[in-house]
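Visitor: Quick one: the structure is below, and I'll ask about it shortly.
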Amino acid sequence: MLRVTNVILSLFAAISLSGQQQKIIDELESQKSTYEKIAFKIWKWAEVGYQEKKSSSLLKKTLSDAGFSIQTGVAEIPTAFTAEYGSGKPIIAILAEYDALPGVSQKAIPTRDPVIKGGAGHACGHHLFGTASIAAGIAIKNWIKNNKIKGTLRIYGTPAEEGGAGKVYMVRAGLFNDVDAVLHWHPSNNNNANPGSSLANKSAKFRFYGESSHAAASPDRGRSALDGVESMNHMVNMLREHIPQETRIHYVITSGGEAPNVVPAFAEVFYYVRNPEVANVKTIFERVVKAAQGAAIGTETTMDYEIIHGLYNLLPNETLSAVMYKNLLKVGGMRYNDAEIKFAQQILDTYQGNFQIESVEKIMPYSLAKRTGAGSTDVGDVSWKVPTAGMSAATWVPGTSAHTWQAVATGGTSIGIKGMLIAAKTIALTAQDVFTDPDLIIRANKELEERIGKNDPYKALIGDRDPPLDYRN
C-alpha cells in the first residue's frame with residue numbers, strides 16, 4: 001500500500017493562506033447571504049429522493065447563471081445533472097446532494113415541533129451539502145477563468161443518496177469514466193478530514209404471495225403471505241449468529257395485510273444488509289435470499305424480490321485526504337455567537353452525553369488509523385472508480401446524530417450556514433491544489449490502484465435495474 005506519511009508531514013508544515021487562496025475565501029464570504037438563501041429554500045422544500053425537482057432546478061439555475069454548461073436528466077434520472085466549466089485535463093469533480101428524509105419534519109427551533117406532521121426534513125443536511133458544493137464550484141470556476149487555468153471543473157448533482165443510490169446509476173452510466181479526482185463533504189457534528197471508509201450495503205424488497213381466505217371460517221383454505229414474511233424474519237434473525245460480527249441486517253415490514261380476519265394474500269418486507277467489505281455483503285445477501293426461499297417453501301407461498309439499492313464501501317484516498325486536511329486547517333472551525341450558544345445548549349439538553357459546545361472551534365486530529373463509519377453512502381461506488389476525498393463540517397450541535405429532528409432544526413439556522421461555508425472554502429482550496437499539482441493526481445490514482453489490488457473488478461450491486469424513481473412513494 002502506498003503510504004503518504006512524509007507527504008502529510010510536509011503538507012501540514014505550512015498552513016497559512018496564499019494570496020490566491022485568500023481571494024477564494026473572501027469571495028465565498030462575500031456571497032454568504034446568497035448561498036444562505038439557497039440552502040434555506042432547499043431546507044424548506046425538503047424533497048425526498050428522486051423527487052427533488054425544485055431543489056435540483058435551483059442548483060442548476062445558479063450554476064448556469066454563473067457560466068456552467070448544464071446537462072440535465074443524466075443516467076435516466078430527471079433530477080440528476082452535471083455542470084461543467086473549462087476544457088481538457090485534469091477533470092476535477094465536486095459532488096452535490098440535496099435529498100431529504102421522510103418523517104423528520106422539524107421547525108428550526110430547539111424543541112420537537114414538526115412543520116408538517118409526518119413530513120420530510122433535511123435530517124442529513126443535504127440542503128447544506130448541495131449548496132456548499134456549488135458555492136465551491138463557482139468560486140473555483142472564477143479562479144480558473146481569471147487565471148486562465150487549464151482543465152475542467154465538473155459539478156455532479158446527485159439525487160437520492162438516502163436509500164436511492166443515485167450516484168451508483170451515474171457511475172454505471174459511465175459519467176465518471178474520464179474524471180481524475182472527486183471531492184465531497186458531509187454535514188456532521190465536528191470538523192474532520194480523516195480518510196475513512198463506510199459500510200457496503202445491499203437492499204431489497206421481498207414480496208410474498210399467498211391465498212386469501214376467511215381467517216375464522218376457512219383458515220385452512222388460506223396461505224398467509226404474512227407467515228412467509230415472519231418466517232423469513234425469524235430465519236434471518238437466527239442467521240445473525242453465523243455471520244461476521246461487523247455485519248448489520250435491518251428490516252421493516254412494509255405490507256402485512258389489510259384486516260385481521262382476512263388471511264393476507266400479499267406481504268412485503270424491506271431488508272438492508274451491511275458490512276465493511278462489499279464481498280461479504282454479496283455472500284450474506286445471498287444467504288438472506290435463501291432464508292426467503294425457505295420461508296416461501298415452508299408456508300406454501302411464493303416469493304420474489306426486487307433489488308432497491310446497492311452500495312460499495314468507501315475507499316479512502318490518503319493522498320487527497322492529506323491535501324483536504326491541510327486546507328481544513330487553513331479554514332479553521334467556527335465560533336458560536338450568544339444566540340447560537342443558547343440554541344446549542346437547548347439542543348444538548350434533549351439528549352444524553354457530555355459534549356462540549358466549544359469543540360466546533362477545533363479541527364479533529366488527523367489519523368491514518370483504519371476507520372469505518374457506521375453508515376453507508378453511494379459515494380463508495382464513485383471511490384472505486386476515481387480517487388475520492390471527503391470531509392465533514394460542524395453544521396450540527398456537538399453530539400447530534402444524523403437522521404434526527406435535532407439535525408433538521410440546527411441545519412435551518414445560522415449554525416448550519418457557518419458549517420456549510422467551512423466546507424465550501426475547504427473544497428474550493430483543495431480543488432485549487434489538485435488543478436495546480438499534476439503529480440498529486442498521479443499519486444492519488446496509484447494509491448487507488450493499490451487499494452483495489454486483487455479485488456474483483458467493480459460491478460454495480462444494482463445489476464441492470466432502472467433507477468427506482470418511485471421508491472419514496
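Visitor: To the nearest 10 degrees, how steeply does helix 338-348 sit against the main Cα axis of the chain, on a 0 to 90 scale?
Guide: Orientation of helix 338-348: about 30 degrees from the principal axis.
Visitor: P(r) for segment 419-473: what percent of alpha-carbon pairs falls in each 5 Å bin, starting at zero?
Guide: In order of increasing distance, the bins hold 4, 13, 11, 11, 12, 15, 21, 12, 2, 0 percent.
Visitor: Could you list log10 I(q)/I(0) for the chain at q = 0.11 Å⁻¹, which the Debye formula gives when each Cα is one point scatterer?
Guide: -0.89
Visitor: For a Förster distance of 56 Å, can you work out the FRET efficiency between the beta-carbons of LYS446 and GLU300, rounded to the nearest 0.05?
Guide: Once rounded, the FRET efficiency stands at 0.50.
Visitor: Taking the alpha carbon gyration tensor of segment 123-269, what are the square roots of 5 times its eigenvalues, largest first, to the nearest whole Å? If you can, show how the numbers build up before the last one.
Guide: Details: eigenvalues 479, 64, 40 Å².
Here the semi-axes work out to 49, 18, 14 Å.
Visitor: Compare the peptides 42-50, 292-300, 91-99 by average per-residue count of other Cβ atoms within 10 angstrom and give them in order, highest first. If you can, show how the numbers build up before the last one.
Guide: On the way: 42-50: 22.1, 292-300: 17.7, 91-99: 26.9.
In decreasing order of mean packing, 42-50, 292-300, 91-99 become 91-99, 42-50, 292-300.
Visitor: Angle, helix 278-299 long axis vs. longest principal axis of the chain, Cα atoms, 0 to 90°, nearest 10?
Guide: 20 degrees
Visitor: If you don't mind, another one. Using 0.36 nm times the number of residues separating LYS61 and GLN20, minus their current alpha carbon distance, what extension gain do you get?
Guide: This chain segment gains 12.1 nm when fully extended.
Visitor: With 18 Å as the limit, write out which pairs from LYS89/LYS454; LYS32/LYS53; LYS89/LYS150; LYS37/LYS145; LYS150/LYS446; LYS205/LYS282 have Cα-Cα distances beyond it, or answer none.
Guide: From the list (LYS89/LYS454; LYS32/LYS53; LYS89/LYS150; LYS37/LYS145; LYS150/LYS446; LYS205/LYS282), the Cα-Cα distance tops 18 Å for LYS89/LYS454; LYS32/LYS53; LYS37/LYS145; LYS150/LYS446.
Visitor: Report P(r) for segment 338-420: all Cα-Cα distances, bin width 5 Å, range 0 to the bin holding the largest distance, values in whole percent.
Guide: 3, 11, 21, 21, 18, 13, 9, 3, 1, 0
Visitor: List nothing, just return the count: lysine pairs in segment 308-427, 8 or more apart or interchain, with Cα separation under 21 Å.
Guide: So the count works out to 12.
Visitor: Would you mind estimating how fast segment 44-169 diffuses translationally, via Stokes-Einstein at 4 °C and 1.567 mPa s with the Kirkwood radius over Cα pairs, in µm²/s?
Guide: 85 µm²/s
Visitor: How many nm is it between the label spots at TYR458 and LYS53, if each spot is 7 Å from the Cα in line with the beta carbon?
Guide: So the two model labels end up 3.2 nm from each other.
Visitor: Work out how much length THR254 to LYS150 would gain on full extension: take 0.36 nm times their residue separation and subtract the Cα-Cα distance, in nm to one decimal.
Guide: Working: separation 104, 0.36 × 104 = 37.44 nm, distance 5.16 nm.
Once the chain is fully extended between THR254 and LYS150, it gains 32.3 nm.
Visitor: Follow-up. So how far apart, in nm, are the two label points at ASP113 and SER69 if each is 7 Å from Cα heading toward Cβ?
Guide: 4.9 nm
Visitor: Using +1 on the beta carbon of Lys and Arg, -1 on that of Asp and Glu, and nothing else charged, what's the dipole of segment 200-311 about the Cα centre, debye to 20?
Guide: Around 320 debye, computed over segment 200-311.
Visitor: DSSP beta bridges in the chain, what fraction antiparallel, as a percent rounded to 5?
Guide: If I count the DSSP bridges inside the chain, around 70 percent turn out antiparallel.
Visitor: How are the Cα pair distances of segment 200-311 distributed, in percent, across 10 Å bins from 0?
Guide: 16, 44, 27, 11, 3, 0
Since every read-out is calculated from the coordinates, none of them should be taken as a lab result. In this text the structure is predicted, and so the values were computed from the model without any measurement. Every residue, glycine as well, gets a Cβ built from its backbone with ideal geometry; the counts of neighbours run over all protein chains shown.
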